[in-house]
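The values are calculated or read from the model by the stated rules, or taken from the named source; none is laboratory data. Just so you know, these numbers come straight off a predicted model, no measurement behind them. Methodologically, a virtual Cβ is constructed for each residue, glycine included, from the backbone with ideal geometry; neighbour enumeration extends over all protein chains shown.
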Amino acid sequence: MKGHITERSPGKWGIVIDVPDPETGKRRRKWHTFHGTKRQAETECARLVAEVNGGNYVEPAKTTVRDYFIRWLKHEKSNVSPKTHQRYEELLLKNVAPVIGALTLNKLTAARIDGAWGHLLESGRRDGKGGLSPRTVHHCRRVMLTAMDQAVKWDLLKRNPVALTRPPKVEKQQMEAFDAPQTAIMLDDFRENRVFIPALLAALCGLRRGEILALRWRDIDMAAATIAVRQSAEQVGTVVRYKETKSGKSRVVALSSSVIEELKRHRLAQAEEQLKIGIRPDDASFVVAQIDGSPLKPVSLTHEWTRLLAKTSLPRIRFHDLRHSHATQLLAAGVHPKIASERLGHSTIGITLDLYSHVMPGMQANAAEQVDAAIQSARKPATK
């Protein structure tokens, strides 16, 4: 089957493709309207022709919401990370599609989408135990909004009905964290377990789970007492890949003397363990690894953390909350937010201030008292 484009007005193109009639099999013409440059229109024409020739073409009027989700997810796959794509699939195909996926795009209205949000909030859990959280439904809406924006660009919709819906109200989550005594107890309790070094690096250095599991010994400079954070481990299903850090930049994190000593002990013990089974470790070896030297998977670390924490009297926080613990303890100790931001690997100081604003009021009051005390001590005694 073939296709061609024709200009209707500046920036507006008609795409004409040959499609087979489903009943007679005879060729018939189908028109699509496209907004953009000539080259973009030619690219879209080629894509539509490829869909027809591959047997994947569906006329816009017959495209269901679910079919469109699948098409958009395929289009988006090269634009996002595998982990993000997996999350998009879960939100759209497992949460939204069961509710409104059978509707054709031309029947999709804001009222029906608002009804879907209500249904998901009330009884959207796949295990039948009630509704999804407002935060999850908010994420569903955000991703669907992006997907339907593309439908407008592809001329499948005249306007985006998701934009006319009301997002569910999401209350800001209270961040959980260990205080300094709890952190000390946790480290003492976990000292003989493989979770110890990851927990140490999260709680005392502020590293993310993926960053810890991507560390190799060549990234640690014992003499300079620093870690170079260059990569992050990301797990999708059973597959782990190593990518750039969340901020897209590498960073150097200073290490305390106690962390250096623990890392030295860990490297020695790890080397002895691996040599026993015939493995010769080197600088390319993972800092956190299985006995055979293979890297520990992110999901395995989370499961082990949850299992061990349940045996203690400590609050049940996530492994990621150890990073929050480090951040709050830094700021509470009076460390400048800029330094904390650099240590945590935030792309801007604004992220740090927004996430940890709950620590700031006490800092401001303390700063005010310090300034006042400095001025009072500098004032000359009043003469009589």
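Details
- Every condition in (1) of a type outside the set (Val, Ile, Thr); (2) surrounded by 15 or more Cβ atoms within 10 Å (Cβ to Cβ); (3) touching a His at 6+ places or on another chain (Cβ under 8 Å); (4) free of Cβ contacts under 8 Å to residues at least 12 places away in the same chain holds for Glu76 except the one numbered (4).
- Those residues of the range 156-176 which are under 28 Å from Trp13 (Cα atoms) and surrounded by 16 or more Cβ atoms within 10 Å (Cβ to Cβ), in sequence order: Leu156, Leu157, Asn160, Pro161, Val162
- Boolean, Arg29 is surrounded by fewer than 17 Cβ atoms within 10 Å (Cβ to Cβ), among the charged types (D, E, K, R), touching an Asp or Glu at 6+ places or on another chain (Cβ under 8 Å) and modelled with pLDDT under 90: yes
- Some residue of the range 106-120 being in contact (Cβ under 8 Å) with a residue 24 or more places away in the chain, in a loop (DSSP other than H, G, I, E, B) and of a type outside the set (S, T, N, Q): yes
- Test: residue in the range 126-140 that is in the same structural domain as Pro298 (by TED's automatic domain parsing), of a type in the set (Gly, Ala, Ser) and modelled with pLDDT under 95: no
- Filter pass, Val253 being in contact (Cβ under 8 Å) with a residue 60 or more places away in the chain, of a type in the set (A, V, I, L, M) and more than 26 Å from Tyr356 (Cα to Cα): no
- Considering the range 225-245, the residues that are touching a Lys or Arg at 6+ places or on another chain (Cβ under 7 Å) and not polar (S, T, N, Q) include one that is modelled with the lowest pLDDT, namely Val236.
- Within the range 174-219, being outside any helix (DSSP H, G or I), closer than 27 Å to Asp354 by Cβ and touching a residue at least 12 places away in the same chain (Cβ under 8 Å) holds for Met175, Glu176, Ala177, Phe178, Asp179, Gly206, Leu207, Arg208.
- Residue count for the range 230-262, restricted to those that are on the phi > 0 side of the Ramachandran plot and not in a loop (DSSP other than H, G, I, E, B): 0.
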